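J.: My questions all concern the structure below.
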Amino acid sequence: MAFGFGFNKTKVLAAAERHIQQGKLQNAIAEYEKVVKADPKDLTVLNTIGDLYARIGQTDKAVAYFRSVGDTYATQGFTVKAIAMYKKLTKLKPSIESVLKLAELYGQQGLQNDARAQYLMVAEQYLHSGHLEQAAHAFQQHPGLVANGHNGFPLLRVI
């Protein structure tokens, strides 16, 4: 499928694949970025660019791509795909924001145990860093942590 004048997506993707096979990951990224310039909504290519940045150790760039893809999936209602992207990015570079987003997505999907685990991780991180108010808020984000007498509940009393 051609886009614009002389742009052939199939050829550019094939060139990117050849670069990957040759181990020239930066060149592959450049080819994939040409595709994104012509078709910015191609989430598969955006995800692939994130994977390649992760492989060459440019974690921040990889996380930015994964977050963009995950947020787009979430906005479009593809919660399961959004969860997969946020799991990938939290494994690569965990942050409180990404873990909270993952917890929210799990909750939307009805995966309460998984949501609870993520909220608990956030609350514990806040506790360990001395941010007691934020820890209490994270516990309150998931009522099951308090209502079910979760073993984190005694920590909430301390707060």
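We did not get these values from a lab; they are worked out from the coordinates using the rules stated. None of the values given here were measured: they were computed from a predicted structure. Neighbour counts are summed over all protein chains in view; Cβ atoms, including those assigned to glycine, are modelled from backbone coordinates with ideal geometry.
J.: To one decimal place, what Kirkwood hydrodynamic radius in Å is obtained for region 1-128 from all pairs of distinct Cα atoms?
T.: Values: mean 1/r = 0.0634 Å⁻¹.
After inverting the pairwise mean of 1/r, the radius is 15.8 Å.
J.: What's the local net charge at T59, with K and R +1, D and E -1, over the other residues with C-beta under 14 Å away?
T.: Numbers: positive: R55, K61, R67, K88, K91, K93; negative: D51, D60.
That sum, taken over residues with Cβ under 14 Å, equals +4.
J.: Straight-line reach from K24: which lysines fall under 30 Å, measuring Cα to Cα and dropping same-chain residues less than 8 apart?
T.: K9, K11, K34, K37, K41, K61, K81, K87, K88, K91, K93
J.: Suppose R0 equals 25 Å; then what is the FRET efficiency for E33 and I96 from their Cβ-Cβ distance, rounded to the nearest 0.05?
T.: Working: r = 30 Å, r/R0 = 1.19.
Computed FRET efficiency for E33 and I96: 0.25.
J.: Using R₀ = 35 Å, calculate the FRET efficiency as 1/(1 + (r/R₀)^6) where r is the Cβ-Cβ separation of V80 and Q22; round to 0.05.
T.: Working: r = 34 Å, r/R0 = 0.97.
After rounding, the FRET efficiency stands at 0.55.
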